[in-house]
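Working notes, structure below.
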Amino acid sequence: MEESKKLYLLKITILLLISVTAISSRLFSVLRYESIIHEFDPWFNYRTTQYLVNNGFYEFWNWFDSKSWYPLGRVVGGTLFPGIMVTSATIYKILDKIGLHVDIRDVCVFLAPVFSSLTAIATYLITNEVQDSIAGLFAAAFMGVAPGYISRSVAGSYDNEGIAIFLLVFTFYLWLKSVRTGSMFYSCMTALFYFYMVSAWGGYVFIINMIPLHVFTLLLMGRYNNDIYVSYSTFYVIGTLASMQIPFVGFQPTFTSEHMASLGTFGLLQIFAFANYLNSMIPQQHFRNIFRTFLMAIIAAMFMVLFYLTSTKKIAPWTGRFYSLWDTGYAKIHVPIIASVSEHQPTAWSQFFMDLNILMWLFPVGLYFIFQKLTDSQIFLILYAVLGSYFAGVMVRLILTLTPIVCILSGIGASEFYKVFLNFKESAPKDSDESNKKPNTEPQQQKKELKKKVSAQNIKSSKKSTKPNSPFDPFTKSIHLFVVSVVTLMLIMFQIHSTWVTSNAYSSPSVVLASYDQKGNKIIIDDFREAYNWLTHNTKEDSKIMSWWDYGYQLAGLANRTTLVDNNTWNNTHIATMAKIFAADEETGYEIVNTLDVDYLLVVYGGILGYSGDDINKFLWMIRIGQGVYPNDLREEKFYDSNGNYNIGDNASPAMRSSIMHKLTYYRVSDFVGVDGMDRARQQKVPSKVTLDYFEEVFTSSNWMVRLYKPKSPDILGRSPPKSI
Amino acid sequence: MKFFNPFFCVSAYLFSAYVTTAVVVNTNVIKDIDLTKPLITDTIRIVVTNKIEDSANDKPIDKYSYFIEPRIFDKINEIQAAEIKTGNPLKISSNGFNEKWNAYEFFVHFASPLNLGEKISIKIYTSYFEPLSPQPNEIALNEKAFFKWTGNAYVFLPYSTLKQKTVIKLPSSNIASYNNTLAPVSVKNQEITYGPYIDVLPHFKAPVTLYFHMERTQIYIERFTRKATVSHFSNVFGIDDYTNIINANPKLASFSRVEYLISNYRGGVKNAVGKLSLNIPSDAKNVYFTDMIGNISSSEISKSTKPNMKLLKLTPRFPILSGWKFSCNYGYDSSLSNFLKFDKSSNTYNLKVQAYPDPIETAIKEYELSIVLPEGAKNIKYNIPFLTESVTITKEFSFLDFSGRPKILIRKLNVDPMTLNDVVVSYTYSNLQLLVKPIIAAGLIFLIAFACSIISSFEVTLTKINAKSSKNKN
C-alpha cells in the first residue's frame, strides 16, 4: 500500500478508537445505575420527546401543556428549542423503520454519548482545517475525554448541550472551511448547521456573535477579500432567515441586542465590498481619504442608531442572563432566580482544573503556536479562545463552550511539542514497523502509540527536507526521551483524571442516589421515584402538586401530575408566590394554597440521610426570590436567629419556626430521630416540637427525603380546620 | 333492584301468572354464597319437579330458567350447571336481558325432558369477581377493616318454591351487623343462614346487608398481562409480566411514616402488601423488576420449596397500604428447551406456556396472555384449558422482523387464578428461518458499504477547487 493510504487508514482507525472511548467513558451511570434520564431539565426534554413520538410533529408544534404552570399553562411548542427532541424522534423513527425496535427512552439516554463521539470527529476536522491531522487527532482525543464536556454529555443527560456542542464545533468547522475556500456551498452548509444549532440550544447566540466578530476582525486587519464577502453574506442571510423559523426565536434576530452585531457586520461588509469596488475604479490616494471618512461616519451612525433604538426600547434590551455575563454581581441583586442556580455562579479556579486538567497548560502552548502563523482561521481560534475563556470565567456552565477551543489548541500544542521532541532520526522507522505488528491489549495505550507513530512519520518526512543531517548527541537524545516520556505520562494522567472525574462527579443521575453501608455494599436510595410513583398511583389524575420549581419537570415527567411551577421559570411572580406560601405561617399559607387549588405539597428533606440539596437549604433563595415580588411579606433577615445564623432547631427565629416550609419539613421528625436527634444535612439539632394544623401528611418516602402533604379540607360549613394552641 | 318493594313484586307475580304458566315447582333450594375466596361463588342446589298446575299445558319440561342480576352479569367468571346425581354437566344458554325482571335470563337445558311428576336435582354454579365494598371508607393505619355485602336472602327464581335457604359463608366470624328481621336467621361461626323459608312465591326478593370484618387484605389485580416470547435463535423463552395491584381495603385516612415504622417494628402493618413472591425457573436469567419510571432495585432471589424453581421476591417501591395501588413489570429469560418439545412424527414443536405466575392468588379483573412465536412459524394450533373472552392471532414486529412474528392473544375477564392452567401451543418451524436474519443484516451492511464506495467515487463539485493550494500551511 502507498504511504498516504496507510496513514489515511491509520487516521480512521484512531478516530474510531477515539469515538469508542468517547462513548464508553460516558456510560458509567448506565452501568452503575440504569438507563435513566438524569437530573431536572432532561426530564422535560424526555417528556416532550415522548409527546412528539406519540402525537406527531404538528401536535407537538401546537402543544399547549395545561399540566404545567397551573393555572396558566405553557405553550410548549413556542417556548422550547425543538432540536434535541426532533433529533431523537428522527433516530427513533429510523431505527424503527429498519426493524430495530428500541425504547424511546434508550434513544434519549444514549443520544449525548453518541453525539459526543461526533463532536470528537468534528474537533478533528476543525483542527485539521486549521493546523494538521496530527494536531487534529490529539484534539479529538482530548475532546473525547475532557471532563468539561463529559459533565454535560454522560449517558442519560438528555439536554440541549448534548447535541449543541457538536453543532457548535461543526458549524465553526464549516465556517472556517467556507472562509478559506470562499465556497458558497460551504457557507450554505454553515447556515444549515447554524439553523440546526438555533433549533437546539440558546447558546446559538455565541455563534451569531462569534462569526461576525471574526469577520469584523478580519476587516480591521485589512484581510478583506471576496471569499469572506461570499461566505458571510450567504451565511448571514440564509442562517438568519432559517433561524427565524423556530417559533421561540421568531423575529428576535431583527430587534434584540444579541443579534445586532451580526446585522451590523453584514451592513459593514456590504460597504466594504462597495468600497472595494470603488477602489478598483478610482485612484488609490483619493479613495483612502474618501473611504476613511465614510467608514468612520457609518460606524458612528450605526452605533448612534443602535443606542437610540436600545434606549427607546425599539431594540429589546439585553436579558438578565446576558447582563450577568458582564457583571457577575448583577444577577444576585436583580434576578435572584438566576443567581440561585449553582451552574450560573462564577467559576472557581479549581473547577477549571477539574474540568480541563493538563489542557489548561497545553492551551496557552497551542495559542503560542497559533500566533506564529496568523491565517484567517487561526485568527478565529484566537478570538474564540479569548471569548471562551472570559465567559467560562463568568459562569460555571460556560466551561462547556470553552472546552472545544481548549481541546483544539491543546491538540495543536501537543502535536507541535511532539514534533520537536520526537525527532529521533535513527529509531523512527524501526519504531513504526514494530508497533504495527505488536498486538496491544489496552486501546488507550495503543492509541497513544499510534499517535506517536504518526507524528514520528510526519516529522521524518518534514524534517528530512528541512534539516537533512544533524545527528543528535546522546545527551540531547536522552533529554528528548525524558521530556517526551514525562509529557506522555502527563497525558496518560489526564486520561486517568478524566475517567476519575467522570466516574465520581458527573455520573450521578441525581434522581437516584447511591450510598454504601458499613460492609461496603452499595445501597440505592430511590426516594424520589418512590414518592413520584406513589403520586402516580394514589392520587387523582388531575391533582395539582405544589413544590419548589426544581422538582417541576421531574413531577411532570415521572409522576405525570400537574405542577404549579417548574424549571422553565418563565413566570417569576408565580415562583415568588410559591416562595411566599412556603415562608408564610400556616393560616396565611393555607388561604393562598386554597385559592391556587393545590391538592398536594411536596417538600424535600435531606436531614435523615445528610443530603444537602434539600428544600431547607434552598429556603433562603426562595425567600430572596419571593422578596423581589412581595417585599412587604417577606424579609430575609426575619429568618435568621438572634445571632444572625441560619438556624432550624429550637432557637430558630419565630418566622422560621412558623413557616410552612419548616413545619412540613420537620413535622414528626423528632419522633423518629429522638428529641436530641441531629439534622445530618445541617449538623444542628432538630426542633423538638412541630405542630401542624392545616395540613396533613399523606406520604413520606422511606428515607424521609420526599414528604407529601395535603391541605386539610374545610368542613361542611366551609370553615378552616381548627387550630391547636 | 335497589329500592325493593315487596308489594310491587307480589303484584308483579300476580300479573305474570296470567301470562306465563309456571309448571315447575322447586321442592327444595339451597343457595351457598362463599365470600372467603378471591372470587365470590354462588352454588344453588335445586330439586326441580314438574308439577301439574294447569292441566291444559302438560308438556314435558326441557329447560329451567335462571336469572342473574345485571350488577353481577359483567363480572362473571364462569357459570356452570350440572346434574347432582350423575355429575353430568348441563348445557346453559343465554336468553338475553329480561327487561321485566331487570335481569339476564339463562336456560339450563335438561339432558332429557322432565315429564309430568318427575324430579331432578341440579346444581348451578356461578363465580364472579366483585370486591367487597369497605365500610367505613376510611380507616387509620392499623385499624380493623370492615366490609359490606348486600344481597338477597331469598333465591331469586321464576318458580314457586316449597322450601329454600341461603347460606352465606363470611371471611371471619367477627360480624358487626346483619339483618335479623327475616326470621329464621341463624349465625354459626362464619356462616349466616337465612331460612329455611317455606312456600316462597316466584321472583321473591328480600335484601340483606351484612357488615363483617376480614383479616386477610383484600387485594386484586386490575390488569395482568403476560407476554411469552419464543426465540429459537438464542434458545430463550422470555417472560414479561405487567401487573397492576390494588389494595381494595378501606382507604387510609392519613399516613404517618413514624407510625408505619413503629408498627412495622412491632410485628407488621395490617392491611398491607409488603412483598410479592413468585416461583421462576431455576435457570432464569436477566431477571428484571421495573415500573414505568425505571428500575426498582428492591428485589431478591432465594430458594424455592418447589423443585427446579427459585423464588423471586419483589418489594414494591412503597408498601401497598390500605387503599393504595401499585403497578410494575417484571420478567426473565429462561432456557427454551425446558418448555419446547419437538415431535418428530408430526414434525411440530409443542410449547408449554405457564399462564400465570405461581403462587400469586388474587382475583384478576382483566387478564391477557400473548404468546409470540418466532418469525416464520406456521400451522399454529393451541389448547387453552380455561374459558376465554377472545383468542386472536396477530402479527408483531420486533428486532429485524420483516414478515412479523405470529402472536396468539388470549383475553379473559374476571379470572380466578386457580383456573389458569398451562397453555399448549403447537406449530411447525423450519430451521432455515434461523439463517434469514443474519443474511439480511449482512446484506444490508454490504449494501451500505457498497453505496458508500460508489458515492465517494463521484465528483460532487462543479468546478474543481484546488484546496491544497489555498490552504495556508506554511
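The values are calculated or read from the model by the stated rules, or taken from the named source; none is laboratory data. Bear in mind the structure is a predicted one, so any value in this text is a computation, not a measurement. Positions of Cβ are generated from backbone atoms using ideal geometry, with glycine treated the same way; all protein chains shown enter the neighbour counts. The accessibility values were calculated without ligands, DNA or RNA, using every heavy atom of the protein model including side chains. Shrake-Rupley method; radii C 1.70, N 1.55, O 1.52, S 1.80 Å.
List the residue pairs whose Cβ atoms are under 9 Å apart, where the first residue sits in the range B:395-419 and is closer than 30 Å to B:I79 by Cα, the second is open to solvent by 40 Å² or more (accessible area, probe 1.4 Å) and of a type in the set (F, W, Y), and the two are 6 or more positions apart or on different chains. The qualifying pairs are B:I408/B:Y382; B:I410/B:Y382. Of all the numbered requirements in (1) within 14 Å of another protein chain (Cβ to nearest Cβ); (2) touching a Pro at 6+ places or on another chain (Cβ under 8 Å), A:V673 misses one, and that requirement is (2).
Is it true that B:N102 is at positive phi and of a type outside the set (A, V, I, L, M, F, W, C)? Criteria met by B:N102. Residues of the range A:119-147 that are free of Cβ contacts under 8 Å to residues at least 60 places away in the same chain and within 14 Å of chain B (Cβ to nearest Cβ): A:L125, A:N128. A residue that is at pLDDT below 90 and within 14 Å of chain B (Cβ to nearest Cβ) cannot be found anywhere in the range A:652-659. Please indicate, with yes or no, whether at least one residue in the range B:194-201 is under 21 Å from B:Y64 (Cβ atoms), touching a Phe, Trp or Tyr at 6+ places or on another chain (Cβ under 9 Å), surrounded by fewer than 21 Cβ atoms within 10 Å (Cβ to Cβ) and touching a residue at least 60 places away in the same chain (Cβ under 8 Å). Scanning the range B:194-201, I find at least one residue that is under 21 Å from B:Y64 (Cβ atoms), touching a Phe, Trp or Tyr at 6+ places or on another chain (Cβ under 9 Å), surrounded by fewer than 21 Cβ atoms within 10 Å (Cβ to Cβ) and touching a residue at least 60 places away in the same chain (Cβ under 8 Å), so the answer is yes.
The selection criterion, being aliphatic (A, V, I, L, M), away from chain B (no Cβ under 14 Å), in contact (Cβ under 8 Å) with a residue 40 or more places away in the chain and buried (at least 24 other Cβ atoms within 10 Å of the Cβ), does not hold for A:A155. Within the range A:79-90, the residues that satisfy the criterion of being buried (at least 17 other Cβ atoms within 10 Å of the Cβ) and part of a helix (DSSP H, G or I) are A:G83, A:I84, A:M85, A:V86, A:T87, A:S88, A:A89. Per the conditions (1) open to solvent by less than 10 Å² (accessible area, probe 1.4 Å); (2) under 30 Å from A:D132 (Cα atoms), the sole criterion not satisfied by A:V76 is (2). Taken as a whole, the range A:158-181 holds at least one residue that is away from chain B (no Cβ under 14 Å), touching a residue at least 12 places away in the same chain (Cβ under 8 Å), open to solvent by 20 Å² or more (accessible area, probe 1.4 Å) and assigned to a loop (DSSP other than H, G, I, E, B). On the given criteria, is A:I104 open to solvent by 10 Å² or more (accessible area, probe 1.4 Å), under 23 Å from A:Q50 (Cα atoms) and free of Cβ contacts under 8 Å to residues at least 40 places away in the same chain? Criteria not met by A:I104.
State yes or no: is B:R216 among the charged types (D, E, K, R), open to solvent by 10 Å² or more (accessible area, probe 1.4 Å) and under 28 Å from the mean Cα position of the chain (by Cα)?
Yes.
When you scan the range A:14-35, do you find a residue that is open to solvent by less than 40 Å² (accessible area, probe 1.4 Å), within 14 Å of chain B (Cβ to nearest Cβ) and of a type in the set (A, V, I, L, M), even just one? Looking through the range A:14-35, at least one residue is open to solvent by less than 40 Å² (accessible area, probe 1.4 Å), within 14 Å of chain B (Cβ to nearest Cβ) and of a type in the set (A, V, I, L, M).
B:T362 falls short on exactly one of the conditions (1) in contact with an Asp or Glu (Cβ under 8 Å, 6 or more places away or on another chain); (2) within 23 Å of B:E222 (Cβ to Cβ); (3) modelled with pLDDT under 90, and that condition is (1). In the same structural domain as B:L314 (by TED's automatic domain parsing) and surrounded by fewer than 15 Cβ atoms within 10 Å (Cβ to Cβ): does that describe B:E375? Answer is no for this residue. When the test is whether a residue is in a loop (DSSP other than H, G, I, E, B) and either of a type in the set (S, T, Y) or buried (at least 19 other Cβ atoms within 10 Å of the Cβ) (or both), A:S670 does not pass it.
For the range A:683-717, a residue qualifies if it is open to solvent by 30 Å² or more (accessible area, probe 1.4 Å), away from every other protein chain (no Cβ under 13 Å) and part of a loop (DSSP other than H, G, I, E, B), and the qualifying residues are A:Q683, A:S688, A:K689, A:T691, A:P714, A:D715, A:I716, A:L717.
Which ones in the range A:370-389 are within 14 Å of another protein chain (Cβ to nearest Cβ) and within 15 Å of A:F142 (Cβ to Cβ)? Within the range A:370-389, A:L381 is the sole residue that qualifies. Checked against (1) more than 14 Å from chain A (Cβ to nearest Cβ); (2) under 33 Å from the mean Cα position of the chain (by Cα); (3) more than 30 Å from B:S127 (Cα to Cα), B:Q433 meets all criteria but (2). The one condition from (1) touching a strand residue (DSSP E or B) at 6+ places or on another chain (Cβ under 6 Å); (2) under 30 Å from A:S342 (Cα atoms) that A:V698 does not meet is (2).
Residues that are of a type in the set (F, W, Y) and either open to solvent by 60 Å² or more (accessible area, probe 1.4 Å) or free of Cβ contacts under 8 Å to residues at least 40 places away in the same chain (or both) do occur in the range B:324-346, at least one of them.
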